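Only one structure is covered here, and it is reproduced in the block below.
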Amino acid sequence: MTNVSLVTMFFLMGLPRAPALDVPLLGLFLVIYVLTVVGNLLILLVITVDSHLHTPMYYFLTNLSFIDMWFSTVTVPKMLMTLASPGGRAISFHSCVAQLYSFHFLGSTECFLYTVMSYDRYLAISHPLRYTSMMSGRTCALLATSTWLSGSLHSAVQTTLTFRLPYCGPNQIQHYFCDAPPILKLACADTSMNEMVIFVNIGVVASGCFLLIVLSYVSIIWSILKIRTSEGRHRAFQTCASHCIVVLCFFGPGLFIYLRPGSRDAVDGVVAVFYTVLTPLLNPVVYTLRNKEVKRALLKVRSQSVFTQRK
């Protein structure tokens, strides 16, 4: 990556808010962040410990929990620093590059992973007899690895396109983390080509993944309607409901920010909170509160820890 940037430090302006809200927002987002990390760590622990959860669906869920834990860590701690003190707004040029790369790497990997998870649910419901052979351990590992490699490549393109431009003047980023749209506004060069390529790049990935997920669920619903018993249909719908909820909460705000003409700093900052702060928390909540197997495994782990302490 080459650039002739004269800027060595950026300043994140944070969320648009009244100064009086700094302390309440700091407390709120700190609690959400702690719950997000603890919740996702619990899911990782439970799935690892309980052999009954060593299935393709929970294998992909461990990947999702791992991503969410770090996806939140990439943005939220720095946002807390901007709320805590004015000095916390500063971020070095290279740290900004690293944050943007990590954000898009984890975000696009999660995007691909949601697509794989929808395909997994399609096979489980539409082809139950062949599901075990079609989703073998090797296939699961190959699909998971592909999502991580694709996310890495996608993010490398985004980061290179953004920071190959010169930055020699304004250094105040109207956002609470380093993202391509607000950073491109500070470049000392024409960014129209970069914006178009980034728009197409994100558009193809996000829209393509979302379309594949929709097609998977259309096929799933068609298969569910063929199930004769109402109990069977209810169980099948319940299996997919959790995935649908988190998919909508992740893709909705992302598509709104990146795939609409123009950009409004205040609106983008508020909307970004949904998929950078709330969605990583939503995953452990949805997958535990709506999933009997995970709740059962959690209770089992808890009872085992209590028994160990008593001994």
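In region 1-153, carbon and sulfur make up what percent of the accessible area (probe 1.4 Å)? It is 73 percent, rounded to a whole number. When each of the peptides 272-280, 78-86, 190-198 is scored by how many other beta carbons lie within 10 Å of its residues on average, the order from highest to lowest is 272-280, 78-86, 190-198. Measuring nothing but alpha carbons in the chain and taking Rh as the Kirkwood radius, the Rg to Rh ratio lands at 1.01.
Close amide-amide hydrogen proximity is noted between Ile173 and Phe11, Leu12, Met13, each under 5 Å apart and 5 or more residues distant or on a separate chain (H modeled in the peptide plane; Pro and chain starts excluded).
Projecting label points 7 angstrom from Cα along Cα→Cβ for Leu211 and Arg138 puts them 3.2 nm apart. The phi torsions of region 30-46, fed into the Karplus equation with coefficients 6.51, -1.76 and 1.60 and a -60° offset, translate into couplings of 5, 4, 4, 5, 4, 5, 5, 5, 5, x, 5, 5, 5, 4, 4, 5, 5 Hz, rounded to whole numbers, with Gly and Pro shown as x. Taken over the C-alpha atoms, region 56-201 has Rg and Dmax values of 18.8, 62 angstrom. Close amide-amide hydrogen proximity is noted between Cys188 and Tyr167, Cys168, each under 5 Å apart and 5 or more residues distant or on a separate chain (H modeled in the peptide plane; Pro and chain starts excluded). Looking at the square roots a ≥ b ≥ c of the eigenvalues of the Cα gyration tensor of region 151-283, which shape do they give, rounded for a/c under 1.5, prolate if a/b is larger than b/c, or oblate? Prolate. Computed from backbone phi, the HN-Hα couplings of region 155-170 come to 5, 4, 5, 4, 5, 5, 5, 6, 9, 7, 7, x, 10, 10, x, x Hz, rounded to whole numbers (Karplus: 6.51 cos²θ - 1.76 cosθ + 1.60, θ = phi - 60°; Gly and Pro given as x).
Each part gets one Cα centre, and for region 84-104 versus region 159-233 those centres are 20 Å apart.
Classify region 1-103 from the C-alpha gyration tensor, please: rounded if a/c falls under 1.5, else prolate or oblate depending on whether a/b exceeds b/c. Cα axes put region 1-103 in the oblate bin. With a simple spin-label model that places each label point 7 Å from the Cα along the Cα-to-Cβ direction, the separation between Ser150 and His94 comes to 3.3 nm. By the Cα gyration tensor, region 152-209 has an equivalent ellipsoid whose semi-axes, rounded to whole angstrom, run 21, 12, 10 from largest to smallest. Fully extending the segment from Phe11 to Ser192 would add 62.8 nm, taking 0.36 nm per residue of separation and subtracting the current Cα-Cα distance.
The values are calculated or read from the model by the stated rules, or taken from the named source; none is laboratory data. The shown structure was predicted, so the numbers you read here are calculated from the model rather than taken from an experiment. A quick note on method: Cβ atoms are made from the backbone with ideal geometry, for glycine too, and the neighbour counts reach across all protein chains shown. Side chains included, ligands, DNA and RNA excluded: accessible areas come from the protein's heavy atoms. Shrake-Rupley method; radii C 1.70, N 1.55, O 1.52, S 1.80 Å.
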